[in-house]
1. Please list, short to long, the whole-number percent of alpha-carbon pairs of segment 36-186 in consecutive 10 angstrom bins beginning at zero.
2. Considering the dipole of segment 36-186 built from charges on the beta carbon (Lys and Arg +1, Asp and Glu -1) around the Cα centre, which of Ser119, Ala39, Gln68 is farthest to its positive end?
3. To one decimal place, what Kirkwood hydrodynamic radius in Å is obtained for the chain from all pairs of distinct Cα atoms?
4. Give me the distance between the Cα centres of segment 37-111 and segment 202-269, rounded to whole Å.
5. Which entries in the list Lys96/Lys174; Lys87/Lys386; Lys174/Lys251; Lys96/Lys157; Lys154/Lys386; Lys63/Lys174 go over 26 Å, if you measure between the two C-alpha atoms of each?
6. Could you order the peptides 141-152, 248-259 from most to least packed, using the average number of other C-beta atoms within 10 Å per residue?
7. Taking 7 Å along the Cα-to-C-beta vector as the label spot, tell me the Thr106-Tyr256 distance in nanometres, rounded to one decimal.
8. Please give the helix 2-29 orientation as an angle from the longest Cα principal axis of the chain, in degrees from 0 to 90, rounded to the nearest 10.
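What follows is calculated from the coordinates using simple rules that are stated; it is not laboratory data. Values in this document were obtained by computation on a predicted structure and should not be read as measured data. Ideal geometry is used to build each Cβ from the backbone, glycine not excepted, and the neighbour counts take in all protein chains shown.
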Amino acid sequence: MQIFGGNFRLLGARLIWPITPVILIWAVFGAGALFAEDAEDVIRKARDLSAAKHRGQAIELLKDFLEQSEDGDVRLVYGLMLSWDGKFEQARRELKTVLLEHPGYTDAARALANVEIWSDHPESAETLIDRFLEREPDDRDLSVQKVRALRAMKRRKEALALLNRILIISPGDKEALDLRSAIRLEDQSWRAVVTENNTWYSGGFSPLTERTLSVKRGANAGSTVFSYSLAQQFGYTSSQVNVDSYPHLWKGAYAYVNGGMSPDHNLYPHYRFGADIYQNLGHGWEGSGGFRRLLFASTHITVYTAMVGRYHANWFFSGRTFLTPGDEGLSRSVQLEARRYLGDGGRFVLFRYSMGASPYEIQSLNEVGILNSSSYYSEMNWFWRKWLLSGGSGWAHVDRANLAPQAQYNLSLSLARRF
């Protein structure tokens with residue numbers, strides 16, 4: 001027994017001594033320290049979650065890892081996903097941390113430049129990109145990002161010169177070609193548009209035909225549109241002139257101002273005016289509020305409207321409401337819209353669902369007297385060189401005062417040329 005006991009103690013000492021450091025690590029850092037996931041595994045899992053539309057879980061996974069261990073690649077992916085989620089301030093902080101620890105990390109610089117452009121700080125993006133282009137003057141991705149920053153600052157000549165240099169190296173670069181086409185179109189600040197809009201109804205209700213000729217000066221905020229419309233319905237012909245302006249107000253804000261009149265006021269309001277203020281709310285969100293005032297011969301209508309929308313990747317989702325006070329109380333309409341942008345320069349498809357007292361915003365007598373409606377509308381905009389083509393179609397179920405419920409079908413086509 002004594003020999004056995006002595007041998008056991010010796011054997012025990014030999015077994016325990018090698019695992020003593022393991023026990024100490026376990027005690028100090030916890031069991032998880034021995035089984036912590038590798039950074040590459042965490043990045044792979046986060047990407048898989050994001051691809052499966054579980055970006056929130058992916059962000060939490062990366063955040064949990066960084067609370068236990070520092071890794072520049074993990075923090076980069078964390079910052080990227082925060083930016084994709086519209087959390088620009090958090091993304092900026094994380095990506096700046098990566099660049100502080102790794103000053104030459106080009107991928108982190110590209111990610112941070114995108115954040116600055118998306119959050120309306122293109123001048124910061126340009127400064128950062130220029131610093132890296134000094135070391136890597138032929139970096140194609142950095143050069144394209146600089147083009148986007150220059151475009152956001154309306155320095156189109158510099159942007160086009162840089163794009164031409166990119167295309168000398170890579171003549172078939174589709175992104176660069178699309179950007180060049182888009183910027184050239186923006187430089188062509190005048191646009192003439194011809195539009196025909198036709199609406200048919202069930203139950204023998206008179207169809208509406210409307211033709212519009214408009215001229216637009218400028219692009220986006222700062223533009224002005226002059227238009228002349230001619231409509232025919234119920235045996236009447238009616239004309240209207242309109243001016244729409246989009247003045248810039250302050251950083252991240254612009255207005256929509258409208259005024260119009262119809263000399264005959266058979267179908268259109270005798271006078272109309274309205275205004276909206278649009279404000280960038282940050283994190284990809286945008287909001288607006290305003291009113292419309294329409295003075296028809298038989299009635300005067302005031303409409304209050306508000307909108308909230310969010311940009312997400314190549315999509316813009318929005319909801320808008322129209323509130324119209326009247327003798328019978330407050331009527332309400334809601335529009336839900338999804339817009340998918342197809343590259344740069346105005347290519348997009350649009351889907352809209354509306355419900356309430358008017359399937360569309362009130363433009364003429366055609367939208368007055370509706371009690372309730374549900375409508376679906378889709379539109380596609382495309383351009384080729386200096387030409388722009390837009391087509392839309394819609395269907396609505398409409399309940400009108402003193403009339404049986406009816407179906408409404410809409411088809412519109414626009415052709416525009418920039419010059």
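1. Calculated P(r), rounded to whole percents: 11, 35, 31, 19, 4, 0.
2. The residue sitting most towards the positive pole is Ser119.
3. 25.9 Å
4. A separation of 48 Å, based on Cα centres.
5. From the list (Lys96/Lys174; Lys87/Lys386; Lys174/Lys251; Lys96/Lys157; Lys154/Lys386; Lys63/Lys174), the Cα-Cα distance tops 26 Å for Lys96/Lys174; Lys87/Lys386; Lys174/Lys251; Lys96/Lys157; Lys63/Lys174.
6. Ranked by mean Cβ neighbours within 10 Å, highest first: 141-152, 248-259.
7. Using points 7 Å along Cα→Cβ, the separation is 4.3 nm.
8. That helix lies at roughly 30 degrees to the long axis.
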